[in-house]
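Undergrad: My questions will all concern the structure given below.
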Amino acid sequence: MNPPPVDSEPAVTPATRDHLMQVVQHLRANAWTQAHDLVQREASAMANWLHGIVHIQEGDLEDAQYWYEQAGQHFRSRGTLAEELVRFEQALLPQADQAGRLA
């Protein structure tokens, strides 16, 4: 398993966290188009990683690998779609907690 993404990147804001969690909800509902439309509105390592996960669900592994690389994640050692969603949420929530403490 990979370590959580980019510790040097500033913690995500609560608004960004909520936005990215909406993307996760769409993925869990198999609403790929809606998830893709939403994730494209964010520009961060976390959003890039989630963008890669969106492309895994779509089945476009070439684009998924590109977005994983943009996020500093290792594409070849990724888990299943379900595992990646859990890993993403685990990485996102501590960042959101940190942002709340800094505010």
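Undergrad: In region 34-65, which residues are surrounded by fewer than 17 Cβ atoms within 10 Å (Cβ to Cβ), modelled with pLDDT of 95 or more and part of a helix (DSSP H, G or I)?
TA: Passing the criteria: 34, 37, 61, 62, 63.
Undergrad: While we're looking at this one, here's another question. Please go through region 10-33 and pick out each residue that is touching a residue at least 12 places away in the same chain (Cβ under 8 Å), open to solvent by less than 50 Å² (accessible area, probe 1.4 Å) and either over 12 Å from residue 92 (Cα atoms) or part of a loop (DSSP other than H, G, I, E, B) (or both).
TA: 11, 12, 23, 27
The values are calculated or read from the model by the stated rules, or taken from the named source; none is laboratory data. Quick caveat: nothing in here was measured; it's all calculated off a predicted structure. Counting neighbours? That spans all protein chains shown, and the Cβs are built from the backbone with ideal geometry, glycine included. Calculation scope for accessible area: heavy atoms of the full protein, side chains included, ligands and nucleic acids excluded. Shrake-Rupley method; radii C 1.70, N 1.55, O 1.52, S 1.80 Å.
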